[in-house]
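Q: Questions regarding the structure given below will be posed in turn.
The values are calculated or read from the model by the stated rules, or taken from the named source; none is laboratory data. It should be emphasised that the depicted structure is a prediction, and the values quoted were computed from it without experimental measurement. Glycine also receives a Cβ, built like all others from the backbone with ideal geometry; neighbour counts cover every protein chain displayed.
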Amino acid sequence: MGSTFGLATTGLKEMAIKVIQYLLGFLGIFAISMIMYGGYLWMVSGGNPKKIEKAKKVLISALIGLVIILASFAIIKLLTHYLGGGSERTNPTPENGGQGALGAGIIESVYPAPGQRDVARNTNIAVTFKEEIDPTSFIDDTNGNGTFGDCAGAVCDTVSTDASGVPNVIIAKMGELSTGPYVMPVAVYTNDNKTFVFNPDPLLGNSSNNTWYSVRLTNNILKADGTPAFGAFAGFDWSFEIGTFIDTTPPYITRVFPVAGGTYAKNVVIQIQFSEAIDPTSITNTNILVDDSTAPPSVAGTLYISNQYRTVEFLGAPCGINSCNETIYCLPGNENIQVTVKAPPIGPEPPLALGPPFAGIVDMVGNSFDGNHNGKPEGPGVDDYVWAFKTSNNIEISPPSIESVSPGVNAEGASLTPSVDVTFSEQMMYSSLRTTTIGIKSPVLGYWITDDDMSLPPPVKTIAHINHFKFNVKTQYRPEVNSKAKDMYQNCFYPSAGPGCVVPPPAGQNYCCDGIWSAGPCP
């Protein structure tokens, strides 16, 4: 399903805020002029009580007006920050371009997100590629064990540098990517050569003022086959703001599906929502266990992390084919299924966990998982999170559809920075809503996907947010969702029904393109 909308001009919200700002600026100039006029009247009063009294009234009125204008400026600035009406919520332009590498290119997601604000000083930085990367192209085997991108004891491998001493992954304050100084050393670890986590040393930023940082993934990074990872993009930059605080809050689980005690078709997806971004290298089959009564030691399956590293999903063994001719995965049927999310051992500096590698779930700063959500990490056993549900031997086969898109189809005057939102008719499998499934197809623009569920009114429905770098004015953009979008039972978005296209589709037509049924994919 594809939907098109144009940006004929700046969004109405931004325009209104700018008009108000110009008016307040004019009124400010007028108020200052009146203060000067009042001072002039006093100076030329010659001691005349009536003229002095008139000068006082002018000065008092002008000062009161100036206070009101300054307060109005403060309110507008606050609204701009929280409502996205101006530069306060706009990601600064990357210093070397390459925006299209995110979403449209080889990068699936990065953390912190482009333009993210007030990030903890002790944050790690993560990047997930869509295909395997050659780790030797940007990692030094610092611990000397022959494996690139791991930690042995207290020694982790670090980012390598080129012949001139410039890191192949550059972290620097905004404006210093090309000149330095660079943040060094930077530890790096991975467990699949697709997702890499970078641990800067020392801490980013300072305790007094927020600081903008940029990251550059250089063209020295190679794919597993030895070709440049970024091709024509020649690298990728993004920026985020570091706050003044150290994150000591451990992560916890906010919601799970299936719900404890319920009974579900065996092709259900197990979904775990965390309170914050999770270190992707801690998401392993030894840290999240799925058990039934007959499969020692646990049910075989695969874990996927998505939604800007906040959602983890588990799929079992192959058991069938969906309407897109893709494999469906099932849990054991007619079984009691138990899921255990493990907490790691606590290190010498709580709430930090021992590692990496981590023998349990940690967040992006290394804080240990708080399974009982009491605000303090207590380690394995005490902080393990366990719940159970039942499966039937049935397979659920009804496909999802799209209920709405925002901005709407062929909308004009869309705002330049907020996300493009797609609301599905039911709860969706987040790891299927990737940049290869849902995105902005033309022109090339960097984008990344986050997701939310809404439950009121029932049933539960998923909203996919296509976050993006700032749109250009007077430009047509085309958000598109393809058939690989799947619901919580792995049923794909096919027929691709959406606004204006009622299910069932006409015979031989399976794609909804801008509200019109089509026999083939949207152009």
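Q: Does THR179 satisfy the condition of being touching a residue at least 60 places away in the same chain (Cβ under 8 Å) and either surrounded by fewer than 22 Cβ atoms within 10 Å (Cβ to Cβ) or not acidic (Asp, Glu) (or both)?
A: no
Q: Across segment 320-337, what is the number of residues that are touching a residue at least 60 places away in the same chain (Cβ under 8 Å), surrounded by fewer than 21 Cβ atoms within 10 Å (Cβ to Cβ) and part of a strand (DSSP E or B)?
A: Total meeting the criteria: 2.
Q: Might you let me know whether segment 364-371 holds any residue that is of a type in the set (A, V, I, L, M, F, W, C), over 30 Å from LYS266 (Cα atoms), outside the structural domain of ASN143 (by TED's automatic domain parsing) and assigned to a loop (DSSP other than H, G, I, E, B)? Explain how you work it out, then say what you get.
A: Going through segment 364-371, the residues of a type in the set (A, V, I, L, M, F, W, C) turn out to be 364-365, 369.
If we keep only those that are over 30 Å from LYS266 (Cα atoms) as well, we get 364-365.
Restricting the remaining residues to those that are outside the structural domain of ASN143 (by TED's automatic domain parsing) gives 364-365.
When the remaining residues are screened for being assigned to a loop (DSSP other than H, G, I, E, B), the result is 364-365.
Looking for residues that are of a type in the set (A, V, I, L, M, F, W, C), over 30 Å from LYS266 (Cα atoms), outside the structural domain of ASN143 (by TED's automatic domain parsing) and assigned to a loop (DSSP other than H, G, I, E, B), one finds at least one in segment 364-371, hence yes.
Q: I'm trying to understand the selection: among the residues of segment 256-289, which are over 13 Å from VAL312 (Cα atoms) and of a type in the set (Val, Ile, Thr)?
A: Matches in segment 256-289: VAL259, THR263, VAL268, THR286.
Q: Continuing with the same structure: Please find, among TYR494, TYR511, TYR447, the residue that is touching a His at 6+ places or on another chain (Cβ under 9 Å) and not small (Gly, Ala, Ser). Steps first, please.
A: Numbers: TYR494 fails: touching a His at 6+ places or on another chain (Cβ under 9 Å); TYR511 fails: touching a His at 6+ places or on another chain (Cβ under 9 Å).
Step by step, each of TYR494, TYR511, TYR447 is checked, and only TYR447 is touching a His at 6+ places or on another chain (Cβ under 9 Å) and not small (Gly, Ala, Ser).
Q: Here's another thing I want to ask about it. Closer than 18 Å to ASP514 by Cβ, surrounded by 17 or more Cβ atoms within 10 Å (Cβ to Cβ) and either assigned by TED's automatic domain parsing to the domain that holds PRO505 or in contact with a Gly (Cβ under 7 Å, 6 or more places away or on another chain) (or both): is that true of PRO418 in this structure?
A: Spelling it out, it is not the case that PRO418 is closer than 18 Å to ASP514 by Cβ, surrounded by 17 or more Cβ atoms within 10 Å (Cβ to Cβ) and either assigned by TED's automatic domain parsing to the domain that holds PRO505 or in contact with a Gly (Cβ under 7 Å, 6 or more places away or on another chain) (or both).
Q: Only one of (1) surrounded by 17 or more Cβ atoms within 10 Å (Cβ to Cβ); (2) within 30 Å of the chain's Cα centre (by Cα); (3) modelled with pLDDT of 95 or more fails for PRO345. Which number is that?
A: (1)
Q: Now, a different point. Could you look through segment 338-363, keep only residues that are in contact (Cβ under 8 Å) with a residue 60 or more places away in the chain and assigned to a strand (DSSP E or B), and pick out the one that is nearest to GLY301 (Cα to Cα)?
A: Here the residue is VAL339.
Q: Could you check segment 368-402 and list, in sequence order, the residues that are touching a Phe, Trp or Tyr at 6+ places or on another chain (Cβ under 6 Å), surrounded by fewer than 20 Cβ atoms within 10 Å (Cβ to Cβ) and at pLDDT below 95?
A: Correct list: GLU396 only.
Q: I've got another one for you. In segment 144-171, what residues are hydrophobic (A, V, I, L, M, F, W, C) and either surrounded by fewer than 19 Cβ atoms within 10 Å (Cβ to Cβ) or in a loop (DSSP other than H, G, I, E, B) (or both)?
A: Correct list: PHE148, ALA152, ALA154, VAL155, ALA163, VAL166.
Q: Residues that are surrounded by fewer than 15 Cβ atoms within 10 Å (Cβ to Cβ): find the strands (runs of 3 or more DSSP E) completely inside segment 467-523 holding 1 or more of those.
A: 475-477, 516-518
Q: What about PRO458, is it in a loop (DSSP other than H, G, I, E, B) and touching a residue at least 24 places away in the same chain (Cβ under 8 Å)? I'd like the intermediate steps shown before the answer.
A: On the way: in a loop (DSSP other than H, G, I, E, B): yes; touching a residue at least 24 places away in the same chain (Cβ under 8 Å): no.
Criteria not met by PRO458.
Q: Could I ask something else about it? Let me confirm something: among THR128, THR123, which residue is within 16 Å of PHE198 (Cβ to Cβ) and in contact with a helix residue (DSSP H, G or I) (Cβ under 8 Å, 6 or more places away or on another chain)?
A: Residue meeting the stated conditions: THR128.
Q: Also: Restricting the first residue to segment 484-503 and requiring it to be within 19 Å of ASN410 (Cβ to Cβ), which pairs with a second residue that is surrounded by fewer than 22 Cβ atoms within 10 Å (Cβ to Cβ) and of a type in the set (S, T, N, Q) meet a Cβ separation below 7 Å and a spacing of at least six or different chains?
A: Final answer for the pair search is SER496/SER483; SER496/ASN510; ALA497/SER401; GLY498/SER401; PRO499/SER404.
Q: Moving on. Would segment 3-21 turn up any residue that is exposed (fewer than 14 other Cβ atoms within 10 Å of the Cβ), more than 27 Å from the chain's Cα centre (by Cα), modelled with pLDDT of 75 or more and not assigned by TED's automatic domain parsing to the domain that holds VAL473?
A: No, every residue in segment 3-21 fails to be exposed (fewer than 14 other Cβ atoms within 10 Å of the Cβ), more than 27 Å from the chain's Cα centre (by Cα), modelled with pLDDT of 75 or more and not assigned by TED's automatic domain parsing to the domain that holds VAL473.
Q: Moving on. Count, please, the residues in segment 436-471 that happen to be in contact with a strand residue (DSSP E or B) (Cβ under 9 Å, 6 or more places away or on another chain) and either of a type outside the set (Ser, Thr, Tyr) or within 17 Å of PRO112 (Cα to Cα) (or both).
A: Summing the residues that are in contact with a strand residue (DSSP E or B) (Cβ under 9 Å, 6 or more places away or on another chain) and either of a type outside the set (Ser, Thr, Tyr) or within 17 Å of PRO112 (Cα to Cα) (or both) in segment 436-471 gives 25.
Q: Follow-up question, since we're still on this one. Determine if segment 370-378 includes at least one residue that is touching a Lys or Arg at 6+ places or on another chain (Cβ under 8 Å) and more than 30 Å from PRO202 (Cα to Cα).
A: no
Q: Which residue out of GLU403, GLU378, GLU426, GLU335 is over 30 Å from SER282 (Cα atoms) and acidic (Asp, Glu)?
A: Going through GLU403, GLU378, GLU426, GLU335 in turn, just one is over 30 Å from SER282 (Cα atoms) and acidic (Asp, Glu): GLU403.
Q: I'm checking my understanding of the structure. Among residues of segment 390-433 that are hydrophobic (A, V, I, L, M, F, W, C) and not in a strand (DSSP E or B), which one is farthest from the chain's Cα centre (by Cα)?
A: Out of the qualifying residues, it is ILE395.
So that you can scan it fast, the table gives a plain yes or no per residue for (1) under 21 Å from PRO228 (Cβ atoms); (2) more than 22 Å from the chain's Cα centre (by Cα); (3) not assigned by TED's automatic domain parsing to the domain that holds ILE139:
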position	(1), (2), (3)
ASN168	yes, yes, no
ALA172	no, no, no
GLY175	no, yes, no
VAL183	no, yes, no
VAL188	yes, no, no
LYS194	yes, no, no
PRO200	no, no, no
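Matching residues to (1) β-branched (Val, Ile, Thr); (2) assigned to a helix (DSSP H, G or I); (3) free of Cβ contacts under 8 Å to residues at least 12 places away in the same chain; (4) touching a Ser or Thr at 6+ places or on another chain (Cβ under 6 Å):
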| position | (1), (2), (3), (4) |
| --- | --- |
| TRP238 | no, no, no, no |
| ILE246 | yes, no, no, no |
| THR254 | yes, no, no, yes |
| GLY261 | no, no, no, no |
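Q: Would you confirm whether any residue within segment 263-281 is surrounded by fewer than 18 Cβ atoms within 10 Å (Cβ to Cβ), touching a residue at least 40 places away in the same chain (Cβ under 8 Å), assigned by TED's automatic domain parsing to the domain that holds ASP370 and in a strand (DSSP E or B)?
A: Yes, segment 263-281 contains at least one residue that is surrounded by fewer than 18 Cβ atoms within 10 Å (Cβ to Cβ), touching a residue at least 40 places away in the same chain (Cβ under 8 Å), assigned by TED's automatic domain parsing to the domain that holds ASP370 and in a strand (DSSP E or B).
Q: Taking the criterion of being modelled with pLDDT under 95, outside the structural domain of GLY103 (by TED's automatic domain parsing), assigned to a loop (DSSP other than H, G, I, E, B) and within 30 Å of ALA485 (Cβ to Cβ), would at least one residue in segment 303-319 satisfy it?
A: There is no residue in segment 303-319 that is modelled with pLDDT under 95, outside the structural domain of GLY103 (by TED's automatic domain parsing), assigned to a loop (DSSP other than H, G, I, E, B) and within 30 Å of ALA485 (Cβ to Cβ).
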